[in-house]
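Before any comments, here is the structure.
Nothing in this text is a laboratory measurement; each read-out follows from the coordinates by a stated rule. All of these numbers come straight from a predicted model, not from anything done at the bench. In this analysis, Cβ positions are derived from the backbone assuming ideal geometry, glycine residues included, and neighbour counts consider all displayed protein chains.
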Amino acid sequence: MKSILILNASPRKEGNIAQMVAEMADEAKAHGAVAEVVEVQKLNVRPCMACMGCREKKVCALPDDDAQRVLQLIRDCDALVIAAPCYWGNIPGTLKLLFDRMVYGLMGESTRGFPKPLHKGKRCVLVSTSTTPWPLNVLMHQSHGAIRALKEICRYSGFKVVATIEKGGTRRNTTLTKRETAKCRKAARRLL
């Protein structure tokens with residue numbers, strides 16, 4: 001049975017990201033997979049101290065918190081969905097903080113200092129929304145900027161991005177269209 005981990009970095013309980021995540025989780029479950037949603041905004045994660053000790057020791061120097069728990073979920077999952085609203089053309093700080101704390105479990109380094117992916121072969125879907133209307137959300141690098149940042153994390157971690165979903169104009173468009181729902185469900189199937 002496949003397991004899909006969904007990181008929802010949106011603080012809105014019924015917003016577009018929450019709706020998209022729900023559609024993907026439902027589709028995964030309909031095809032016999034286990035889907036677990038982690039609400040990033042609710043996590044207790046201390047900021048990284050940039051001590052770089054985790055690179056050698058493969059464990060964070062800070063006391064255990066939700067960063068280690070989520071890292072274990074990422075290690076155990078077969079596929080990953082990262083869903084994040086656009087904040088200033090990038091991902092929310094809470095999600096960035098989480099990834100900063102988990103870097104040692106996402107990528108290693110070769111003896112020459114080059115990144116070495118630790119999750120090679122796992123599939124990933126990336127989702128972002130923006131209040132900036134379409135197509136400006138893409139052209140002005142709003143939701144597209146968030147997707148770009150997530151792709152970089154995935155590339156260095158070894159995840160293969162099999163689908164990206166961007167939705168602009170979310171201030172006025174507060175519910176998913178049938179087409180958007182279908183796109184979310186199709187993306188979930190690509191993880192199976």
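General remarks:
- For the chain, a simple Cβ point-charge model (Lys and Arg +1, Asp and Glu -1, everything else neutral) yields a dipole of about 540 debye relative to the Cα centre.
- Neighbour-count order for THR129, THR174, THR94, fewest beta carbons within 10 angstrom listed first: THR174, THR94, THR129
- LYS42/MET1 FRET efficiency (R0 30 Å; Cβ-Cβ; nearest 0.05): 0.70
- Exposure proxy order (Cβ contacts within 10 Å, fewest to most) of ARG112, ARG185, ARG75: ARG112, ARG75, ARG185
- This ranking places MET52, MET1, MET102, MET20 by how few other beta-carbon atoms lie within 10 Å of each, fewest first, which gives MET1, MET52, MET102, MET20.
- Placing unit charges on the Cβ atoms of the charged side chains and taking the dipole of the chain about its Cα centre, the candidate lying farthest along the positive direction among THR174, LEU5, TYR156 is TYR156.
- Equivalent ellipsoid, region 3-190 (semi-axes from 5 times Cα gyration tensor eigenvalues, Å): 27, 18, 15
- Over region 3-190, relative contact order from alpha-carbon pairs under 8 Å, at least 6 apart, %: 25
- The chain: most fluctuating residue of GLY15, GLY121, GLY113 per GNM, C-alpha cutoff 10 Å: GLY113
- Percentage of interatomic Cα-Cα distances in region 145-192 larger than 13 Å: 65
- Residue pairs exceeding 18 angstrom between C-alpha atoms, taken from LYS13/LYS178; LYS120/LYS151; LYS57/LYS122; LYS122/LYS160; LYS58/LYS151: LYS13/LYS178; LYS57/LYS122; LYS58/LYS151.
- Where both bridge residues fall in the chain, DSSP classifies roughly 15% of the beta bridges as antiparallel.
- GNM flexibility winner over the chain from HIS31, HIS144, HIS119 (Cα, springs under 10 Å): HIS31
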